[in-house]
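Heads up, the thing below is written out as structure tokens.
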Amino acid sequence: MKWLENKTDRTERWLGGALEAARGRTGDEVARRRVWARIEGVVFGKDLPVRRARSLMLPALTGALVAVGVVAGLWMVPATRPSHPSVVAKRVAPAVVSASQPSPVVSRVAAQVSSAAPVRTGRGEKARVALLGGAGVELDANSVLSWDAERRPLVERGLARFEVPHQAPGARFAVSAGPYVITVVGTKFHVGVDDDRVSVEVEQGVVEVWRGSRSVRLAAGDSWAGPVRGLASPGVERRVSLAGTSLRRAVPATSSPSVENGPANAELAEARTALGEGRPEDALRMLTQCGKGTGPAAENAAYEMGRVLRDSLYRPRAAVAAWVSYRTRFPNGLLRAEADLSILETLAKLGDKAAALSEAEAFLSRYPNSERRDEVAKLAARVRGATGP
Amino acid sequence: MNQQNSVGSHQAEPVAEDRVLVERCRNGDTVAWRALYDRYAQPVFRFVSALGVPPDEREDAAQDVFVAVYRGLRQFRGEAQLSTWIYRIAARHASHLGRRRRVRSFLSILPWHETEPEPQPDPAEKASELRLLDRLLDKLSPKKRMVLVLFEIEGLGVNEIANVMGCPANTVWSRLRHARAELVKAARRVPT
């Protein structure tokens, strides 16, 4: 008798069923689409190279050596050191400085810099640095700005306020901070680096914080913080994900409603469980609640509502309305193209030819280089064919 | 044996399609890249899941596999099937993640390290059955597990598995026989 073919053996029967279940473990559609969106960003958005994950032992040893060095340094070096500005700076009127500062404050303006020596500000000192591409950065006291191997501004320590004009189509401005890369199209944002963490706060526009090939997106008013030395501890070494588990997104206390991704992710997971257990109404209720928040979990929930409505509750019109609502709320969302396609496919299935054709045209014009152009063009041709005599 | 959705199909047509796909990808055709991803995403997700990559790391693992495919496609000489080559990359990546998990788990017992949180189960899975299967597969050595997964779950033939793993076909048979026996033995020990 062949392996697992003894139907009277309970263990073999169970094992056969479990292996069959494992054959169906292919990831859900949204997960696969999400991965594609990320691959597309990494592979075809050439400006963001993937960093290979480092091994754990080397950073642990390096960290230990650095820690020993720092302790020895603190013990041996006097408490205060004069600052050594490394960029020729122009002194400006102290009028720009708050009168409440206890010590004399000097604000420095560095010439346009792309690969110069690091800019350091001492105690009570500020500096403004003009960057390539029309961007500017204002360094707070006790800060260090240098350039990384890819000639991106690197905030080594302190607080830096960046102002980046809108970039040309396809161009992105990037800033490094610890193990993260913050990319923007055009915006105002702050990057803070201290001994333990990197923080980013967005004043205007949208920025993305990348670590290796993982990212989180922040909009105006959002702030985020992550550990500087992620590899020192297994808990924080785990790679960041769009779901926001490690690259967590924190909403400032002043914003309302105050939704953090931790609970939102739990809600999203509960909704998926409910769907898996055949309770689509409950799933929809949870997704609706989760979708009211902000952040990646809310974005996923807003998109998945459409899927539940169409595929589990068989309400395609309501599904289209949900996806339309998704793209109104997240016009540049990660799943925007998927929402557009879902609307198009659903309208075509509903036989709403005029609306489907209009969606197809909008898609082709919005994504002239999309790899799914052919697919949409074929769908549009089929719809057109169906409208003909 | 399951052949559905397997990238290890031995029919001539998919192989020929793969050749065309590879050529188009090499020429920078983004439509072909999407087609390649659509063809192999499900098997890659399934394969890394069966090799023990926890649910919260599977998307990252799949992403890394496809980025490696993208980067290495110019060096892909076509001596093996595309599917074999992708399985090889995925296997290497899953092994690497497994090693890192083991190091993390070792480090987590040191007093100055934070405790590693338990990976969250994937709610979409048939939870208890698959979790138990994963626990049983964890008991196999990595090589035996790989052979069993490629044969029983991915539906590959012995020769293709030998290509993926870089070992003789007889070794594959031998590992498969042992893996099956150990898996059944472990399953029988589970209290019902």
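Some notes on this structure:
- Shielding value for B:62-69 is 6, the average number of Cβ atoms from other chains within 10 Å of each residue's Cβ.
- Protection-proxy order for peptides A:337-344, B:183-190, each taking the mean of Cβ atoms within 10 Å per residue, highest first: A:337-344, B:183-190
- Note on A:12-19: average number of Cβ atoms from other chains within 10 Å of each residue's Cβ is 6.
- Distance between the pseudo-spin-label points of A:Ala318 and B:Lys143 (7 Å out from Cα toward the beta carbon): 5.6 nm.
- A:Glu29/A:Arg123 FRET efficiency (R0 41 Å; Cβ-Cβ; nearest 0.05): 0.15
- Cα centroid separation - the stretch A:323-358 against the stretch B:24-54, whole Å: 25
- Convex hull projection area averaged over all views, the stretch A:261-387, Cα basis, nm²: 7.6
- Using a simple spin-label model with pseudo-atoms 7 Å out from Cα toward Cβ, A:Leu364 and B:Ala181 lie 6.3 nm apart.
- Burial ranking of peptide ranges B:49-55, B:94-100 (average Cβ count within 10 Å, highest at the top): B:49-55, B:94-100
- The label-point distance for B:Ser95 and A:Leu350, in a model that sets each label 7 Å from Cα toward Cβ, rounds to 5.2 nm.
- Three-way shape call for the stretch A:269-335 based on the alpha-carbon gyration tensor, with the a/c threshold at 1.5: oblate
- Estimated FRET transfer efficiency (B:Val103, A:Asp311; beta-carbon r; R0 41 Å; 0.05): 0.50
- Zone of A:Glu5's modelled label, taken as backbone nitrogen in the stretch B:133-156 under 17 Å from a point 7 Å along Cα→Cβ: B:152
- Look at the stretch B:88-100: the mean tally of other chain Cβ atoms within 10 Å of its residues' Cβ atoms is 1.
Every number in this text was worked out from the coordinates using simple rules, so none of it is lab data. Because the structure is a prediction, the values reported are computed rather than measured. So basically every Cβ, Gly included, is an ideal-geometry build from the backbone, and we count neighbours across all protein chains shown.
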